[in-house]
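Heads up: the structure comes next, in structure tokens.
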Amino acid sequence: MTSTDPAQVVARYIEAAQRSDADFVREIFAEDATWEYPGQLPLSRTWRGRDAIVGDFLGGVRELIQPGTQMELTLTNLISAGDQVVAEWTAHGTMRTGRAYHNRNIAVFAVRDGKITSVREYTDTQHVEHVLFG
């Protein structure tokens, strides 16, 4: 049986994102989940619903990655208290712009019944803007 422990759910999400397992990523989000992405970028907003998060937001980011390559995600820290999980990870890859992407990310996840219900992400949006959209 798959664990519903919030920390394990978030760790499994990061692992699935690392291997580009879109089906697993879709399954781990609650249907009514939200994802808040900071800044003034084309990606910046509160994404509402699993379809918008997985298809439009995460799928849109995947389209910005250099074809034939993959974003390398490394989970560096995980802190859990009840249904709240704070995850820190690094992301490294090459974007369609040809620029190298190296960023640190942190997010506060809420998990209910083994599903991610919300994410508030914090990242260096100036770096994102320069590398992805600059």
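Here are the numbers for this structure:
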| item | result |
| --- | --- |
| Computed over the chain: relative contact order in percent, which uses C-alpha pairs under 8 Å that are six or more apart | 26 |
| Where labels lie 7 Å past Cα in the beta-carbon direction, separation of Ala100 and Phe24 in nm | 2.8 |
| Within a Gaussian network of the chain (alpha carbon springs, distance under 10 Å), most fluctuating of Ile116, Ile65, Ile79 | Ile79 |
| Sites matching trypsin sites (Lys or Arg not before Pro) across the range 1-66 that sit in DSSP coil, with at most 14 neighbouring C-beta atoms within 10 Å | Arg19 |
| Using θ = phi - 60° and Karplus 6.51 cos²θ - 1.76 cosθ + 1.60, couplings along the range 27-38 (whole Hz; Gly, Pro as x) | 5, 7, 8, 5, 4, 9, 5, 10, 9, 9, 10, x |
| Long-range amide H partners of Asp124 with built H, under 5 Å | Arg104 |
| For the chain, share of DSSP beta bridges that run antiparallel, in % to the nearest 5 | 90 |
| Candidates Ala81, Ala16, Ala91: whichever shows maximal mean-square fluctuation once the chain is modelled as a Gaussian network with Cα springs under 10 Å | Ala81 |
| Ratio Rg/Rh, restricted to the chain and using Cα atoms, in which Rh is the Kirkwood radius | 0.94 |
| Gaussian network model of the chain, Cα within-10 Å springs - most flexible of Thr94, Thr69, Thr117 | Thr69 |
| Per-residue ³J(HN,Hα) for the range 87-98, Karplus 6.51 cos²θ - 1.76 cosθ + 1.60, θ = phi - 60°, Hz, x for Gly and Pro | 10, 10, 8, 9, 10, 9, x, 10, 9, 4, 5, x |
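Read-outs throughout are calculated quantities, based only on the coordinates presented, and are distinct from any laboratory measurement. The structure presented is a predicted model; accordingly, all values stated were derived computationally and were not measured. All Cβ positions, even for glycine, are placed from backbone atoms using ideal geometry, and neighbour counts span all protein chains on display.
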